[in-house]
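For reference, the structure discussed in these notes is given below.
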Amino acid sequence: MVERVLATTDGRGAEYVFDAVAGPGMLEPGKVVAADGMLLVYGALSGRPTPYPGLELGMPALNMRTYTMLETTSRPERLRRAEAFVASGLRTGAFRPVVDRTFELDEIVEARRYLESNAQIGKIVVTVPR
C-alpha cells in the first residue's frame with residue numbers, strides 16, 4: 001500500500017488517509033500521509049491497541065484524529081446539517097448506494113455470515129415482507 005500511494009502521488013503522500021481498522025498496523029497508513037495531511041481513524045475493527053505511528057516514524061508533523069458518529073448525532077445542529085446533506089445527495093443522485101447483495105428476512109443468518117465474510121463490495125440489504 002505504501003509504495004502504491006507514494007507512486008500515485010509522486011512521493012507526496014495522501015492529504016487524507018482514512019482507517020477503519022486501527023490497531024498495530026497504524027504505522028503503514030502513517031507512512032503515506034502528506035505534509036499537513038491527516039490520518040483519520042474512524043473505526044477499531046482490529047480490536048487491538050493502536051499505537052501513535054508518529055513516534056515510530058521519527059516524529060513527522062503527523063495530524064492524527066479519531067472520529068465517532070456521536071460527534072454528529074449528539075449535537076442537534078450538526079445532525080440537522082448532516083441530514084440535509086445526505087437528503088440532498090440522495091435527491092439529486094449525487095449519492096448512489098452500491099448494493100452488493102439482497103437477502104430476504106428469513107435469510108438473516110446467511111446475510112450475517114456474508115457480512116462477516118467481508119466479501120461484499122457495497123451494502124448488504126435485508127428485505128422484509130409487506
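The values are calculated or read from the model by the stated rules, or taken from the named source; none is laboratory data. Every value quoted in this text rests on a predicted model; they were computed, and no experiment measured them. Note: ideal-geometry Cβ built from the backbone for every residue, glycine included; neighbour counts use all protein chains shown. Remember, those area values only see protein heavy atoms, side chains included, never the ligands or the DNA or RNA. Shrake-Rupley method; radii C 1.70, N 1.55, O 1.52, S 1.80 Å.
Some notes on this structure:
- Legend: Rg and Dmax of the chain, from Cα coordinates, 18.7, 59 Å.
- For the stretch 112-125, 3J(HN,Hα) per residue [Karplus equation, 6.51 cos²θ - 1.76 cosθ + 1.60, θ = phi - 60°, Hz, x = Gly/Pro]: 5, 4, 5, 4, 5, 6, 6, 8, 6, 10, x, 8, 9, 10
- Sorting 90-99, 46-55 by average packing, meaning the other beta carbons within 10 Å per residue, from highest down gives 46-55, 90-99.
- FRET efficiency for Thr127 and Arg91, using Cβ-Cβ distance with R0 set to 22 Å, rounded to 0.05: 0.45
- In this structure, Arg4 and Leu79 have a Cβ-Cβ separation that, at R0 = 41 Å, corresponds to a calculated FRET efficiency of about 0.65.
- Judged by the mean number of other Cβ atoms found within 10 Å, the most tightly packed of the peptides 100-108, 73-81, 31-39, 16-24 leads the ranking 31-39, 16-24, 100-108, 73-81.
- With θ taken as phi - 60° and the Karplus curve 6.51 cos²θ - 1.76 cosθ + 1.60 applied, the whole-hertz 3J(HN,Hα) list for the stretch 20-31 is 9, 9, 6, x, x, x, 5, 4, 4, x, x, 5 Hz, x standing for glycine and proline.
- Placed amide H near Met38: partners under 5 Å, 5+ positions off or other chain: Tyr16, Val17
- Built amide H within the under 5 Å cut-off of Phe103, gap 5+: Val125, Val126, Thr127
- Theoretical FRET efficiency, 1/(1+(r/R0)^6), r = Cβ-Cβ of Leu55 and Glu28, R0 22 Å, to 0.05: 0.90
- Net charge, Ile108 excluded, C-beta distance under 14 Å - Lys, Arg +1, Asp, Glu -1: -2
- Accessible-area composition of the chain, carbon plus sulfur, in percent [1.4 Å probe]: 57
- Estimated from helical segments only, the mean residue ellipticity of the chain at 222 nm is -9500 deg cm²/dmol, where each DSSP H run of four or more residues counts as -39500 (n - 2.57).
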